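J.: Okay, handing you the structure first.
Every read-out reported here was derived from the displayed coordinates using simple, explicitly stated rules and does not represent laboratory data. This one's a predicted model, so the numbers in the text were calculated from it and none came from an experiment. Note that we place each Cβ from the backbone using ideal geometry, even for glycine, and neighbour counts take in every protein chain shown.
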Amino acid sequence: MAENSGGGGEERSTEDLGDEISQHRLEENRRKGMVSQSREVTGLLALLAAAVAAYATAPQMGETFAGFMREVFRTDLSSRLDLGSAQILRHTLMRSLEVMATVGLPIGLAGFFMGIVGSFAQVGAIFSWDPLTPDMSKVNPLEGAKRLFSKRTGIEGIRTISKTAIVVAVCYYLIKNQVLISPVNMAVEPASLLGLFAHAAKVIFLTLFGVLMVFAAIDFGFQRFEYNKGLRLTKQESKQEHKDREGDPQIKARIRAVQRDMARKRMMQAVKKADVIITNPTHIAIAISYDRDNMAAPRVIAKGADFIAQRIKKVAGDAGIPIVENIPLARTLFKTVKVNQYVPRALYQAVAEVLAYVYRLRNRKL
């Protein structure tokens, strides 16, 4: 009756599912060609297109059939079967096939193309080989039995029976009414009688089309609901999907810790090349390096607070690097300048005074 190609085959309780749809599962299903599609809608549009094509070509169709019938009635098929009559019979058969193709081809093509349009309107452009890949579970008797007696199959069966019963009842009611009024139309002229038959056919078709439209709307909503239900995840599935996509949080945290440790070790090695350490004095430490021949301005090569600041000062003390206390400058550098960035122009004067002080200390030692 309808197809919902995706969303998981297992029966899952709605109470256990979250409210959000998994975009990852949605993309994966579309990649595999598993989408929400109602065959009722597609079939209804194809039926409408075929009916419109039949209505549009009805005059030409009538002339074609009338011409063919005149040709058949003029043909003498009463003689015994011989070579000549066999050729006539073969010609008549080929002519009948030609007439059926001429009449039926436009109607069939209209329904075919509108079916494609209906499918495209529901799911968009999708190309995937996955639906053509052999699936051994579909030929497994146990899996087939599970699908046969599943809740979904039961619902589909009830809907099919209900639809059939309603369509049959509507057809019976409409045809019964036409039969009851047919004696009144017996005295009508033949040309007018054909018009009455056409009107009756139109009423029957439009009524059935309205009934089928209701079923198609219900089926479309049901298929979309079932598909979205399959895209919703339980808490455990959501955690597993996040782990699969983003990686294990514990492993990622471990990697970040290792990266921070390596960066800290590189920074401590850079401290040994500093010209001065500017401190808070206890909570912040900034390592400054300046080479007037190779640098446009002094550069922060390491910085840290609390425990890292103590490590920087210890490494600097072991390497014999001067440590200068300047609380405002240390705080400003810590907040505004990143590691391996040059000191901003606004702090040139303050940093230059510190460096000049350090250079004077070195000259005194020399």
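J.: Taking 0.36 nm per residue of sequence separation and subtracting the Cα-Cα distance, how much length would be gained by fully extending the chain between residue 153 and residue 339, in nm to one decimal? Mind dumping the intermediate values first?
T.: Working: separation 186, 0.36 × 186 = 66.96 nm, distance 6.46 nm.
Result for the pair: 60.5 nm of gain on full extension.
J.: Check which residues have an amide H placed less than 5 Å from residue 304's amide H, if you skip close sequence neighbours.
T.: Sorted by chain and number, the residues that satisfy this are 285.
J.: Let me ask another. Evaluate the Debye formula for the stretch 264-365 with equal point scatterers sitting on the alpha carbons, no solvent, and hand back log10 of I(q)/I(0) at q = 0.15 Å⁻¹, in q order, two decimals.
T.: Debye output, listed in q order: -0.51.
J.: Could I ask something else about it? Cβ neighbours within 10 Å, averaged per peptide: list 284-291, 206-213 in order, most packed at the top. The partial results should precede the final answer.
T.: Working: 284-291: 22.6, 206-213: 14.2.
Packing order, densest peptide first, comes out as 284-291, 206-213.
J.: Given a Förster distance of 25 Å, report the FRET efficiency between residue 94 and residue 73 from their Cβ-Cβ distance, rounded to the nearest 0.05. Each step should come with its number before you reach the end.
T.: On the way: r = 18 Å, r/R0 = 0.70.
In this case the efficiency is close to 0.90.
J.: Could you give me the ³J(HN,Hα) list for the stretch 339-349, computed from phi with Karplus coefficients 6.51, -1.76, 1.60 and θ = phi - 60°, whole Hz, x at Gly and Pro?
T.: 5, 6, 9, 6, 5, x, 4, 5, 9, 4, 4
J.: I've got another one for you. Residue by residue through the stretch 108-120, which ³J(HN,Hα) values in whole Hz follow from phi under the Karplus form 6.51 cos²θ - 1.76 cosθ + 1.60 (θ = phi - 60°), with glycine and proline marked x?
T.: With the stated coefficients, the stretch 108-120 comes to x, 5, 4, x, 5, 5, 5, x, 5, 4, x, 5, 5 Hz.
J.: For a quick check: with amide H placed at 1.01 Å from N, whose amide H comes under 5 Å from residue 232's, ignoring anything fewer than 5 positions away on the same chain?
T.: When sequence neighbours closer than 5 places are left aside, the close amide H contacts are 22.
J.: Now, a different point. Would you mind checking 32/146; 252/338; 151/252; 272/335; 273/335; 252/335 for any pair whose Cα atoms are more than 30 angstrom apart?
T.: Flagged as over cut-off: 151/252.
J.: Determine the distance separating the Cα centre of the stretch 36-69 from the Cα centre of the stretch 287-325; give it in Å without decimals.
T.: One Cα centre to the other: 86 Å.
J.: Moving on. Let's test the formula: R0 of 25 Å, r as the Cβ-Cβ distance of residue 28 and residue 228. What FRET efficiency results, to the nearest 0.05? Before the final figure, lay out each step's value.
T.: On the way: r = 15 Å, r/R0 = 0.59.
Efficiency, rounded to the nearest 0.05: 0.95.
J.: Here is a further query. Can you list the HN-Hα couplings for the stretch 278-290, worked out from phi with the Karplus curve (6.51, -1.76, 1.60; θ = phi - 60°), rounded to whole Hz and with x for Gly and Pro?
T.: For the stretch 278-290, the Karplus-derived couplings read 9, 10, 8, x, 9, 9, 10, 9, 10, 9, 10, 10, 8 Hz, x marking Gly and Pro.
J.: What distance in nm separates the simple spin-label points at residue 66 and residue 170, each placed 7 Å from Cα in the Cβ direction?
T.: 3.3
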